[in-house]
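J.: Take a look at the following structure, please.
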Amino acid sequence: MKAMVLSDIAKLELREVPRPGVQQYEVLVRVSAVGLCGTDFHIFSGQANYNINQRGKVIPLVEQPQILGHELVGIVEEVGSLVKDLHIGDRVVIDQGLNCLSRRRQPKCEYCVSGDSHQCQFFSEHGITGLPGGLAEYIAVPAVNAIPINSDLETIAAVLTEPLGCISHALDRGTRSRTRYVINTEDIDQRVRSILIFGAGPAGLLFIQYLYKVLNYDGLILVSEPNQQKRELASCFGAEVIDPQVVDLVDVVQEKTGGRRVEYLIDACGAGSVFKDIPALIRRQATVLLYGLGHAGVDLSVLNNLQFMEPTLVAAIGASGGFRSDGRPCTYDRALGLLTAKQIEVTSWITHCYQSLESVPQAFTSDHLEPDYIKGVLVL
Ligand SMILES: [Zn+2]
Ligand SMILES: [Zn+2]
């Protein structure tokens with residue numbers, strides 16, 4: 001089969017690779033669509049490499065090339081001999097993360113027991129940690145990692161299941177943490193009144209919608225975003241937008257919050273430079289949700305002034321969640337449901353569609369750096 005292989009930093013090659021075989025409890029899925037994510041661009045550019053060996057050492061791409069792509073929708077092409085609940089032709093979204101249920105491990109590790117499936121002790125991830133991803137014609141995954149799409153939801157929207165699952169999990173991490181300020185609490189002193197989000201890329205746009213439409217948060221959401229197109233979208237979804245290149249972010253946040261500053265801050269951009277502003281933007285003992293990755297360009301001394309504010313720093317990664325009775329991941333199931341019900345809108349900000357594997361490198365080398373790029377999807 002054909003696959004787009006990252007054989008070294010910034011080197012994508014279309015290669016002929018063996019089509020994966022199917023084990024008893026697996027399905028072979030013909031890839032229909034792959035969302036391109038910031039994580040893919042980070043790995044491509046060499047800013048990140050999450051393929052590490054047992055001792056925590058990074059395995060270079062030249063040693064183990066990576067097929068990227070972890071936001072996946074496809075059609076079941078072949079079914080393992082012991083798979084009873086999926087059939088050839090079923091349309092599915094894929095949880096790219098292999099956990100204890102994927103591996104049929106008994107007993108489950110403590111993280112799978114607590115529903116933190118993407119922190120599974122035996123975790124590995126297609127498209128990220130060395131296992132082949134979806135920028136290929138086919139991918140084989142355990143049947144429990146394939147969630148059937150039982151509706152006519154557009155494939156291009158279904159591909160946002162994984163990113164939406166990550167947003168839902170991230171906010172859930174905040175809810176599960178002991179924090180001074182709480183979203184939607186009745187207690188007026190503890191109640192989060194204002195949230196500031198850095199960045200209105202795909203993550204920021206999903207955070208705004210999830211907070212307003214799913215959690216029914218009714219406070220203020222401020223979004224700091226230098227890109228006009230993204231600001232317009234954030235504004236459409238109900239946020240008050242700020243262009244930090246034109247106005248002083250600290251002044252605006254002070255003014256909009258009546259001097260209180262925000263009780264909850266979400267970094268959905270991953271730019272290291274925003275960290276130096278955080279102490280002046282948050283209320284003391286606020287919650288700071290670390291979502292974006294990258295953080296380049298600053299040294300850790302930016303944390304000094306932040307520490308003085310005693311924030312609760314909440315870190316979130318992936319789309320962890322518990323399991324349905326059939327072993328499939330709840331977070332993906334819920335996210336797919338929200339997209340199907342059109343509760344979360346995604347198609348208006350998918351700016352780039354790629355129709356072939358051959359055309360995908362363009363997203364990596366140039367398109368995603370352009371101001372009109374928000375989200376790219378490969379549709380085969
Ligand atoms: Zn991603
Ligand atoms: Zn586990």
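J.: What are the pairs with Cβ atoms under 9 angstrom where one residue, in the stretch 57-71, is within 18 Å of E16 (Cβ to Cβ) and the other, located anywhere, is within 16 Å of ligand 1 (Cβ to nearest atom) and of a type in the set (D, E)? Sequence gap at least six, or different chains.
T.: Short answer, once both residue conditions are applied: L68/D40; G69/D40.
J.: Could I ask something else about it? Would you check which residues across the stretch 114-123 are closer than 22 Å to R334 by Cα and either of a type outside the set (A, V, I, L, M, F, W, C) or within 16 Å of ligand 1 (Cβ to nearest atom) (or both) and list them?
T.: S114, G115, D116, S117, H118, Q119, F123
J.: Can you find even one residue in the stretch 357-375 that is more than 20 Å from K230 (Cα to Cα) and either touching a helix residue (DSSP H, G or I) at 6+ places or on another chain (Cβ under 8 Å) or among the aromatic types (F, W, Y) (or both)?
T.: So far as the stretch 357-375 goes, no, none of its residues is more than 20 Å from K230 (Cα to Cα) and either touching a helix residue (DSSP H, G or I) at 6+ places or on another chain (Cβ under 8 Å) or among the aromatic types (F, W, Y) (or both).
J.: Now a separate question. Considering only the stretch 1-113, give the strands (runs of 3 or more DSSP E) lying wholly within it that have at least 3 residues that are under 18 Å from Y332 (Cα atoms), modelled with pLDDT of 95 or more and open to solvent by 50 Å² or more (accessible area, probe 1.4 Å).
T.: Working: elements: 2-8, 11-16, 26-36, 71-79, 91-94.
So the answer is none; nothing clears 3.
J.: Just checking, which of S366, S320, S348 is without any contact (Cβ under 8 Å) to a residue 40 or more places away in the chain and not aromatic (F, W, Y)?
T.: Within the list S366, S320, S348, the selection yields S366.
J.: Name the residues in the stretch 204-229 that are under 24 Å from A280 (Cα atoms) and touching a Pro at 6+ places or on another chain (Cβ under 9 Å), would you?
T.: S224, E225, P226, N227
J.: Something else about it: The conditions are (1) touching a residue at least 40 places away in the same chain (Cβ under 8 Å); (2) touching a strand residue (DSSP E or B) at 6+ places or on another chain (Cβ under 6 Å); (3) closer than 27 Å to G294 by Cβ; (4) not assigned by TED's automatic domain parsing to the domain that holds D95, and I156 fails exactly one of them. Which is it?
T.: (4)
J.: Between residues in the stretch 244-265 that are at positive phi and residues that are open to solvent by less than 50 Å² (accessible area, probe 1.4 Å) and not in a helix (DSSP H, G or I), which pairs lie under 8 Å by C-beta distance while being six or more apart or on different chains?
T.: Close Cβ pairs (under 8 Å, with a partner that is open to solvent by less than 50 Å² (accessible area, probe 1.4 Å) and not in a helix (DSSP H, G or I)) amount to R261/S194; R261/I282; R261/A286.
J.: Considering each residue of the stretch 343-367, count those that are open to solvent by 20 Å² or more (accessible area, probe 1.4 Å) and aromatic (F, W, Y), and give that number.
T.: Result for the stretch 343-367: 0.
J.: Hey, I128 hits all of (1) in contact (Cβ under 8 Å) with a residue 60 or more places away in the chain; (2) surrounded by 24 or more Cβ atoms within 10 Å (Cβ to Cβ); (3) within 16 Å of ligand 1 (Cβ to nearest atom) but one; which does it fall short on?
T.: (2)
J.: I've got another one for you. Can you pull out the helices (runs of 4 or more DSSP H) entirely within the stretch 226-342 that have at least 3 residues that are open to solvent by 10 Å² or more (accessible area, probe 1.4 Å)?
T.: The helices (runs of 4 or more DSSP H) meeting that bar are 228-236, 249-256, 303-307, 330-340.
J.: For the stretch 84-105, indicate whether the set of residues that are within 16 Å of ligand 2 (Cβ to nearest atom) and on the phi > 0 side of the Ramachandran plot is non-empty.
T.: Here is the first cut: in the stretch 84-105, the residues within 16 Å of ligand 2 (Cβ to nearest atom) are 95-105.
Within this subset, residues satisfying the condition of being on the phi > 0 side of the Ramachandran plot are 104.
Yes, the stretch 84-105 contains at least one residue that is within 16 Å of ligand 2 (Cβ to nearest atom) and on the phi > 0 side of the Ramachandran plot.
J.: Condition test on G97, is it more than 16 Å from ligand 1 (Cβ to nearest atom) and under 21 Å from the mean Cα position of the chain (by Cα)?
T.: Taking the combined requirement at face value, the residue does not satisfy it.
J.: Moving on. Assess whether G270 counts as being in contact (Cβ under 8 Å) with a residue 24 or more places away in the chain and touching a Cys at 6+ places or on another chain (Cβ under 6 Å).
T.: Judged against the criteria, G270 is not a match.
J.: Taking the stretch 205-221, which residues are surrounded by fewer than 22 Cβ atoms within 10 Å (Cβ to Cβ) and not in a helix (DSSP H, G or I)?
T.: L215, N216, Y217, D218, G219, L220
J.: I'm trying to understand the selection: among the residues of the stretch 162-204, which are part of a loop (DSSP other than H, G, I, E, B) and among the basic types (K, R)? First the steps, then the outcome.
T.: Within the stretch 162-204, the subset part of a loop (DSSP other than H, G, I, E, B) is 177-181, 183-190, 192-193, 199-201.
Residues satisfying the conditions are R178, R180, R193.
J.: Still on this structure, please answer the following. Which of (1) touching a strand residue (DSSP E or B) at 6+ places or on another chain (Cβ under 8 Å); (2) without any contact (Cβ under 8 Å) to a residue 12 or more places away in the chain is the odd one out, the single condition A3 does not satisfy?
T.: The number of the failed condition is (2).
Let's see how each residue does on (1) of a type in the set (A, V, I, L, M); (2) in contact with a strand residue (DSSP E or B) (Cβ under 7 Å, 6 or more places away or on another chain):
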| residue | (1), (2) |
| --- | --- |
| L206 | yes, no |
| L211 | yes, yes |
| G219 | no, yes |
| L222 | yes, yes |
| Q228 | no, no |
| L249 | yes, yes |
| E255 | no, no |
| G259 | no, no |
| I266 | yes, yes |
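The values are calculated or read from the model by the stated rules, or taken from the named source; none is laboratory data. Just so we're clear, the structure is a prediction, and the values are computed from it rather than from any experiment. We place every Cβ from the backbone using ideal geometry, glycine too, and count neighbours over all the protein chains shown. What goes into the accessible areas is simple: the full protein's heavy atoms, side chains included, and nothing from ligands, DNA or RNA. Shrake-Rupley method; radii C 1.70, N 1.55, O 1.52, S 1.80 Å.
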